[in-house]
Amino acid sequence: MTSLPDIHRLQGTADLLPAESFQWAEAERVIRATMFRFGFGEIRFPVLEPTELFARGTGASTDIVQKEMYTLVDRGGRSLTLRPEGTPSVVRAYLEENLGSQRPVWKLFYLGPMFRAERPQKGRYRQFHQFGAEMIGAASPESDVELIALARTILHDLGLTGLRLQLNSIGSPAARHDHSEKLRAFLRQPDVYAKIDEDCRRRMETNPLRVFDCKNEECIRIMRHAPTIDQFLTAEDQDHFARVRSGLESLGISYELDPRMVRGLDYYTRTTFEFKTDLLGAQDTVCGGGRYDLLVETFGGPATPAVGFASGIERILAAAQEAGASQGTLPRLDVFVGALGDQARALIPSILARLRGLGFSADSDFLGRGLKAQMKEANRLAARLVLIVGDDEITRGQFTLRRMDEGGQAEIPADLAQWNKETFA
Ligand code: ATP
Ligand code: MG
């Protein structure tokens, strides 16, 4: 009996075993392929960053910065944080690598683990994985459309159907300033104030727009009566939004307008969007994004418009599974080598080396078990062919090659040098 270890994996994290890892690798392959088709190049940035990057980038009033970051102090006394999202790092790298001086527009994507200290539940983990894309340098409504089309294409390519696209514009700072005033006045009304929770009372002071992002049922109900941003958009905001919408319509991408969808990040300006699925219950957002025209400046760079999105891989794979779309299963083994007797067993390493050298996947039983157990192992590996090597066969100078699907068998020379690809076709 095996005893359990006394060290356990952290809550909200996962071990992926080979069958599942294979599906992840397949999903990542699809994501990269579609990103390349859209002209996005991959960027890889550190998992550990200065805490200040997120405090300023993600925004001090966000839930992420307020209560979800894994922050530690390094040996030099510096505050570091495990990245909770990718956008601030991409912008930091854009400035640090001086990308803006090389060409006017950069299309970058990333893929990897993110960390947030949230309450673990279905679809919500502490180490989760995102892919995301950012277009930095373009202000046009067409660039918003490009990002939305990219996200939608990847989600489709991964087998997600029946997605709903929700769209909003949270305008420019001028529009938000006026809206925030009205929103505060609304939230300060005694009958409203009495019903909103502690967090939202704090949000009311720091960034009242955040109250729209509250997950508390009562707050959501009250906010149905709150003034929404659409009434405050400037003429330029409205024009931009109209062009994003007509761009989506020209691509046949349908959407729903949701004037209360503000997203959980402080840096958004104008367009915000989310893709939702009906296949997942409560955590139904598989992708979220928007325009962030002021973030580059926040980090001390020149005025540089940008737009991007991020998408959660765990939720996508769960939804794809619900939709009956699989990312595939582990490939079958080409040749299993079964050995009987000591002389045969001694030949196994060179037989495996020869088969692998010819480009086949090849494996064997390393336990010296009987033929029955070895055939069972071959079946578990879904081997296409089983090569049987016994002391008899060695004497005869012929090995037996059994075809597992058709059921027939053939003799092949025991001289490995005579083998070629056709021998095992
Ligand atoms: P939510 O409203 O679900 O908390 P969010 O607004 O915090 O999401 P973003 O920061 O925009 O989400 O992240 C984009 C996507 O990453 C989400 O739509 C979701 O698919 C995924 N995601 C975010 N947090 C988690 C998590 N803790 N576990 C798994 N996936 C997550
Ligand atoms: Mg969140």
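The values are calculated or read from the model by the stated rules, or taken from the named source; none is laboratory data. All values derive from a computational prediction rather than experimental measurement. With ideal geometry, Cβ positions are generated from the backbone for all residues, glycine too; neighbour counts draw on all protein chains shown. Please note that ligands, DNA and RNA were not included when accessible areas were found on the heavy atoms of the full protein model with its side chains. Shrake-Rupley method; radii C 1.70, N 1.55, O 1.52, S 1.80 Å.
A compact table of results
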quantity	calculated
Alpha carbon centroid spacing (whole Å) that separates the stretch 64-121 from the stretch 367-409	52 Å
1.4 Å probe accessible area per residue over the chain, in Å²	49 Å²
Per-residue HN-Hα couplings for the stretch 29-43 [Karplus 6.51, -1.76, 1.60; θ = phi - 60°; Hz; x = Gly/Pro]	5, 4, 4, 4, 4, 6, 4, 4, 4, 8, x, 9, x, 7, 10
Rounded to 5, the percent of DSSP beta bridges in the stretch 335-424 classed as antiparallel	50 percent
Size of electric dipole in the stretch 335-424: Cβ of Lys, Arg +1 and of Asp, Glu -1, about Cα centre, debye, nearest 20	280 debye
Candidates G357, G312, G137, ranked by Gaussian network fluctuation over the chain, Cα under 10 Å, top entry	G357
Straight-distance crosslink candidates among aspartates and glutamates, where the alpha carbon sits under 15 Å from K195 and sequence neighbours closer than 8 are dropped	E217, E218
222 nm mean residue ellipticity, helices alone, for the chain (DSSP H n ≥ 4; -39,500 (n - 2.57); rounded to 500)	-10500 deg cm²/dmol
Crossing angle, helix 342-357 versus the chain [Cα axis fit, 0-90 degrees, rounded to tens]	50 degrees
27 Å Cα-Cα threshold exceeded, pairs from K67/K107; K67/K276; K122/K376; K67/K122; K107/K215; K122/K182	K67/K107; K122/K376; K107/K215; K122/K182
Charge dipole (debye, nearest 20) of the chain; +1 at Cβ of Lys and Arg, -1 at Cβ of Asp and Glu	420 debye
³J(HN,Hα) computed for each position of the stretch 46-63 - Karplus, 6.51 cos²θ - 1.76 cosθ + 1.60, integer Hz, glycine/proline x	x, 7, 10, 9, x, 3, 3, 4, 7, 4, 7, x, 4, x, 4, 8, 7, 4
Lone cysteines, the chain (no partner Cβ under 4.7 Å)	C200, C287
Whole-Å semi-axes of the ellipsoid equivalent to the chain (Cα gyration tensor, √5λ, descending)	55, 23, 21
Largest-first ordering by accessible area, 1.4 Å probe, given options L147, L317	L317, L147
Residue-by-residue Karplus 3J(HN,Hα) for the stretch 204-220, coefficients 6.51, -1.76, 1.60, Hz, glycine and proline x	4, 6, 7, 6, x, 4, 4, 4, 5, 8, 5, 9, 5, 3, 5, 5, 4
Those aspartates and glutamates that a straight Cα-Cα span of less than 20 Å connects to K421, excepting residues fewer than 8 apart in one chain	D334, D363, D405, E406, E411
Sulfur and carbon atoms: percent of accessible area, the stretch 335-424 [1.4 Å]	52 percent
Cα-centred dipole magnitude for the stretch 257-355, charges only on beta-carbon of K, R (+1) and D, E (-1), debye, nearest 20	260 debye
Computed over the chain: relative contact order in percent, which uses C-alpha pairs under 8 Å that are six or more apart	16 percent
Between the stretch 226-264 and the stretch 190-204, the alpha-carbon center distance in angstrom	27 Å
Selection from G171, G368, M69 lying farthest towards where the dipole of the chain points positive, charges on Cβ	M69
For the stretch 335-424, alpha-carbon Rg over 2.2 N^0.38 Å	0.97
DSSP-loop trypsin sites (Lys or Arg not before Pro) across the stretch 41-131, with at most 14 other Cβ within 10 angstrom	R44, R75, R78, K122
Computed over the stretch 133-287: relative contact order in percent, which uses C-alpha pairs under 8 Å that are six or more apart	39 percent
